[in-house]
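Beneath this line is the structure, given in structure tokens, with notes to follow.
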Amino acid sequence: MSEQPAVDDGATARRPTAAKILFVGDVVGGAGRRALLRLLPELRERHDPTFVVVNGENIAGGLGITPKLAEELFAAGIDAITLGNHAYHRREIIPYIENEPRLLRPVNYVHTQPGRGTCIVESASGVRLGVVSASGNLFLRAGHPAFSEVDRAVRELGDVEHILVDFHAEATSEKVAMGWYLDGRVTAVVGTHTHVPTADARVLPGGTAYITDVGMTGARAGVIGVDRDKAITGFVTQMHTHLEPAAADPWLMAVLIESSQRLRADAILPLLIAAPA
Ligand SMILES: [Fe+2]
Ligand SMILES: [Fe+2]
């Protein structure tokens, strides 16, 4: 048996690769925020996630995010926050997002839109996770094509142990296609935006964990997190209706991605948990 020459590829060879990534679907309003913050300690104890990433595009009263709410999530140990079509709904986030590298808007927005679409966070043990926020192009406004921009973002993240892509998109077809497009190149592709969890979580043949939609963390008694009477009135009257987040029956919807090898997932476990009242 011939001996393999030792390959020295620097720091990467010495870094651990095992990681558990907890990704939490769109946190909607106060009900979603409270559900997340109440359940997080228990989730940490049970699953010991290396990283926690949260989609926060609906956390401020259902639309957008404020600096104070972002700070509250970071103070709770959230490693990175992804956004989507409601990223800039609260104007006060604009100066904040310019200076907070862990708060991401979709990477395929035009460069003049504030903020950035990727970041790298590092665990205490030295595992690096690249996070990509991206927006679909079908039924959503994003200045650049998702596929080419995500491709570029993944290449630019370079030498990291793991990459998580939050693909914030409306159409299931676009999300499934993104999963296949990135299979074998990233640790996980998780879909967000519809607020309804899908039953297709799996590890694709190339090793990428995939789910079309993680679901939302918010009040299940509403219509995708919004007060149901107001939502129904809007559909019935066909008039503009002021929508507010619902409060009753809060649930946390998330996935736990387990990995032992670089840029590969071993398993993806959906977590659908009723929050304590
Ligand atoms: Fe959302
Ligand atoms: Fe959205």
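Among residues of the range 126-153 that are on the phi > 0 side of the Ramachandran plot, those with a Cβ under 7 angstrom from a residue that is more than 16 Å from ligand 2 (Cβ to nearest atom), sequence gap 6+ or separate chain, pair up as 126/15; 126/16.
The residues of the range 150-201 that are hydroxyl-bearing (Ser, Thr, Tyr), touching a strand residue (DSSP E or B) at 6+ places or on another chain (Cβ under 9 Å) and either part of a loop (DSSP other than H, G, I, E, B) or within 16 Å of ligand 2 (Cβ to nearest atom) (or both), listed by number, are 172, 187, 192, 198.
Going through the range 204-241 one residue at a time, which ones are in a strand (DSSP E or B) and out of contact with any Asp or Glu (no Cβ under 9 Å at 6 or more places or on another chain)?
Answer for the range 204-241, where residues must be in a strand (DSSP E or B) and out of contact with any Asp or Glu (no Cβ under 9 Å at 6 or more places or on another chain): just 223.
Considering the range 92-136, the residues that are in a loop (DSSP other than H, G, I, E, B) and hydrophobic (A, V, I, L, M, F, W, C) include one that is nearest to the chain's Cα centre (by Cα), namely 107. Counting the residues of the range 24-66 that are away from ligand 2 (no atom under 14 Å from the Cβ), closer than 16 Å to residue 269 by Cβ and in contact (Cβ under 8 Å) with a residue 40 or more places away in the chain gives 8.
Is it fair to say residue 224 is within 15 Å of ligand 2 (Cβ to nearest atom) and either in contact with a Lys or Arg (Cβ under 7 Å, 6 or more places away or on another chain) or at pLDDT 95 or above (or both)? So residue 224 fits the description; yes.
The values are calculated or read from the model by the stated rules, or taken from the named source; none is laboratory data. Quick caveat: nothing in here was measured; it's all calculated off a predicted structure. Note: ideal-geometry Cβ built from the backbone for every residue, glycine included; neighbour counts use all protein chains shown.
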